[in-house]
Amino acid sequence: EMDGIKDLLEHSINDKIEIIVYTDLTDLKQSNLGLEEAFEYNGGSTKILGNKIFVYFDGNHRNLRKLIRKGIAGVYIESILFGTSLQEIVQNAVSFNLPDWFKIGLVSYVGEYWCVEIDSELKDILTNGNIHTFDQLIRLNPEIAGHAFWYFVAKNYGLTSVANLLYLVRINRSVDAGFLYVLGNNRKIIGENIISYYTSRYQNDDAAKHPDSLKIIRLPKRKNENLTHIAVSPRGGIYAIATNQVGKERIYLQDSSSNKRKVIFKRGFKNLFQLADTEYPHLAWSVDGKELVVIREQRDQQMIGR
């Protein structure tokens with residue numbers, strides 16, 4: 001997918017791309033390199049400042065590769081759409097109002113074509129979130145909506161359509177014009193097709209994987225709240241669930257029979273401007289299921305509680 005995008009800007013990036021890797025997310029958030037400018041890019045967990053890419057290593061090389069790919073894609077896409085010189089950037093920023101979901105969705109898509117995490121979150125939104133239109137999905141989660149859009153385009157129109165659409169949007173300075181030229185329909189119809197495509201996909205998936213005799217446990221969540229860890233008690237029937245709502249951490253105990261849940265721990269506050277650290281807390285039950293061990297991080301130090 002990246003090759004098609006790179007072809008569009010073979011000579012557009014004159015300076016080298018610098019990749020700055022931090023040992024963990026805490027160090028990245030504490031860095032004053034580039035001050036707040038480095039954290040204004042709303043493209044997920046990769047931060048970009050000009051041709052500099054800021055990433056962190058969580059011990060998983062797959063995640064590091066994904067962050068670097070997203071960073072490189074972000075630099076390329078900024079160069080395609082807004083140019084590299086100050087004059088081009090100012091002119092294009094004034095004349096070209098690009099939707100956030102379109103750009104950050106493309107960065108996410110190039111970072112990782114498709115994965116279980118994105119598939120599960122989109123499925124949860126469409127089956128439990130009362131979402132009926134693509135615009136509603138954009139308002140709820142622009143990155144997931146954008147990623148789902150680009151994946152839909154690649155699957156139904158071919159990979160070359162991804163680069164073609166980006167090129168036509170750049171030339172015409174209009175997302176709607178790109179839709180008509182490359183996809184053959186306006187945005188409203190494409191949005192309806194996207195929702196229909198994924199809804200049908202998940203309905204068929206549930207029919208095949210979940211027979212009537214299988215009990216489904218529902219995990220209700222607040223807006224922008226992500227489930228980060230879950231641990232099932234050895235005694236059965238009790239789930240320990242850790243969530244992160246844009247920086248505010250909570251740990252619940254949920255009864256599988258009644259689905260009632262109780263908050264046993266909460267920390268932090270909501271912060272829409274910095275990436276939430278979802279690596280912690282970690283949860284584990286004792287062998288007898290009487291104690292829950294919680295490992296969390298505070299000021300770059302690991303702490304254990306029971």
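Structure above, values below:
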{"quantity": "Length added when fully stretched, Arg187-His61, from 0.36 nm per residue minus Cα-Cα", "calculated": "41.6 nm"}
{"quantity": "Burial order of peptide ranges 247-254, 188-195, 114-121 (average beta-carbon count within 10 Å, highest first)", "calculated": "247-254, 188-195, 114-121"}
{"quantity": "Carbon + sulfur, % of accessible area of region 94-161 - ligands and nucleic acids excluded, 1.4 Å", "calculated": "50 percent"}
{"quantity": "Peptides 283-293, 164-174 ordered by average Cβ neighbours within 10 Å, highest first", "calculated": "164-174, 283-293"}
{"quantity": "For Ile53, distant residues with modelled amide H under 5 Å away", "calculated": "Glu18, Ile19, Ile20"}
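The values are calculated or read from the model by the stated rules, or taken from the named source; none is laboratory data. Please read these numbers as outputs of a predicted model, since none were measured by experiment. For neighbour counting, all protein chains shown are included, and Cβ atoms are generated from backbone atoms with ideal geometry for every residue, glycine included. Heads up: the accessible areas ignore ligands, DNA and RNA and are worked out on the full protein's heavy atoms, side chains in. Shrake-Rupley method; radii C 1.70, N 1.55, O 1.52, S 1.80 Å.
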